[in-house]
Amino acid sequence: MMLHVQNRELVIPGQLLAEGSYLLYGGVFKEGKCVYSSVVGLAEVRGQDIRVIPLQGCYIPKRGDFVIGVVVDTHSSGWILDLNSPYAGNLFVSGLLDRKVDLDREDISQYLKVGDAVAAEVVDVDERMRVMLEASGPGMGKVTGGKLVEIAPTKIPRVIGKKGSMSTMIQSTSGCRLRAGQNGRIMIWGDDTRMVRAVVEALLTIEREAHTSGLTDRVHQFLERIKSGGE
């Protein structure tokens, strides 16, 4: 086995990444014993696992994802949610309330209306890319308060960081609370509007500079400067 790139190295389509018996994940393809990148992104190698994290791309829902959707329409038994994706999500009333509902007796508009943000889990995606959601678990359902920020979905892993390092640092430094959906939407809650704005700017910086080194330290220094009264 031979590796031709470093971990987190920026690569381009067709670039030779490795040779040998690697386990392939997203963003790569194999010809013979050679592994190549199929996208522009960051090479990630962990033992025998190799993939490329794309720098651009839309969100494609998959089962088990946590997402933050926005209600864009209703139907007789639930709601249609925009997922920052080419594919909308379908949330039934029973998937929100976790109980049977008599639709002839209950007005479902009391639970959600167009424009509401909803924290949900993707529970099924069929062969026609029909996306089913559920939002009845702990921490799920209608999102109240806070500020919603949208970034490229491919940058969410960088916002979270290894073992949650980046998001934990942002929250502890700013005093704000974050929740990041895998579809590129992030909710921010905080009592200090100045720090909420600083966190928004930090997230946009991460989106722009996700491929660079030393990013966590730069974001930390920026937040500390704002917290101490700097600009």
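From the helices alone, meaning DSSP H stretches of at least four residues, give me the mean residue ellipticity at 222 nm for the chain, per-run term -39500 (n - 2.57), in deg cm²/dmol to the nearest 500.
The per-residue figure over the chain is -6500 deg cm²/dmol.
Consider the candidate values (i) 18.1, 50; (ii) 20.3, 66; (iii) 19.8, 76; state which one is Rg and Dmax of the Cα atoms in Å computed from the structure displayed.
For Rg and Dmax of the Cα atoms in Å, the calculated option is (ii).
Quick check: from the Cα gyration tensor, does segment 88-139 come out rounded (a/c under 1.5), prolate or oblate?
It comes out prolate by the Cα gyration axes.
What FRET efficiency comes out for the pair SER109/HIS211, r = Cβ-Cβ distance, R0 = 41 Å, nearest 0.05? Present the calculation step by step, with values, prior to reporting the outcome.
Values: r = 44 Å, r/R0 = 1.08.
Efficiency, from the Cβ-Cβ distance: 0.40.
What residues have an amide H closer than 5 Å to that of LEU17, excluding those fewer than 5 places away on the same chain, when H is modeled at 1.01 Å from N in the peptide plane?
Excluding prolines and chain starts, which carry no amide H, the hits are VAL35, TYR36, SER37.
Taking +1 at the Cβ of each Lys and Arg and -1 at the Cβ of each Asp and Glu, which of ASN84, MET129, GLN6 sits farthest along the dipole of the chain towards its positive end, judged by Cα position relative to the Cα centre?
GLN6
Count charges around ARG208 for me, please; just the other residues with Cβ under 15 Å from its Cβ, Lys/Arg as +1, Asp/Glu as -1.
Numbers: positive: LYS155, ARG158, ARG218; negative: GLU150, GLU201, GLU207, GLU209.
My count for the surroundings of ARG208 gives -1.
Stretch SER136-ASP192 to full length: gain in nm at 0.36 nm per residue minus the Cα-Cα span? Working shown, then result.
On the way: separation 56, 0.36 × 56 = 20.16 nm, distance 2.98 nm.
Contour length minus the Cα-Cα distance gives 17.2 nm.
Measuring from centroid to centroid over Cα atoms, what is the spacing of segment 172-228 and segment 56-81 in Å?
25
Which one of GLY57, SER167, GLY47 has its Cα pushed farthest toward the positive end of the charge dipole of the chain, where Lys and Arg give +1 and Asp and Glu give -1 at the Cβ?
GLY47
Which value, in debye to the nearest 20, gives the size of the charge dipole of the chain about its Cα centre, when Lys and Arg are +1 and Asp and Glu are -1 at the Cβ?
On the way: 28 positive and 28 negative charges, 117 e Å.
Here the chain has a charge dipole of around 560 debye.
Between GLU224 and ARG63, what is the FRET efficiency for a Förster distance of 41 Å, r being their Cβ-Cβ separation, to the nearest 0.05?
0.55
Which cross-chain or sequence-distant (5 or more) residues have an amide H under 5 Å from the amide H of LEU55, H modelled 1.01 Å from N in plane?
Distant-sequence amide H within range of LEU55: VAL40, GLY41, LEU42.
If amide H atoms are built 1.01 Å from N in the plane of the peptide, which residues on other chains or at least 5 residues away come under 5 Å of the amide H of THR74?
ILE80
If you plug each phi of segment 152-159 into the Karplus form 6.51 cos²θ - 1.76 cosθ + 1.60 with θ = phi - 60°, what whole-Hz ³J(HN,Hα) values come out, in order, with x for Gly and Pro?
Whole-Hz 3J(HN,Hα) from phi for segment 152-159: 4, x, 5, 9, 4, x, 6, 5.
Which whole-number percent is the relative contact order of segment 1-145 (Cα, under 8 Å, 6+ apart)?
Worked out over segment 1-145, it gives 18 percent.
Subtracting the Cα-Cα distance from 0.36 nm times the residue separation, let me have the gained length for GLU150 to VAL101 in nm, one decimal.
So the chain would gain 14.3 nm between GLU150 and VAL101.
With a/c under 1.5 counting as rounded, go ahead and sort segment 147-227 into rounded, prolate or oblate using the C-alpha gyration tensor (a ≥ b ≥ c being the square roots of the eigenvalues; past the cut-off, prolate if a/b is larger than b/c, else oblate).
Taking the square roots of the gyration eigenvalues as a ≥ b ≥ c, segment 147-227 is oblate.
ASN90 to LEU55: FRET efficiency via 1/(1 + (r/R0)^6), r the Cβ-Cβ distance, R0 22 Å, to the nearest 0.05?
0.15
Every number in this text was worked out from the coordinates using simple rules, so none of it is lab data. These numbers were taken from a predicted model, which means no experiment stands behind them. All Cβ positions, glycine included, derive from the backbone under ideal geometry; neighbour counts span all protein chains shown.
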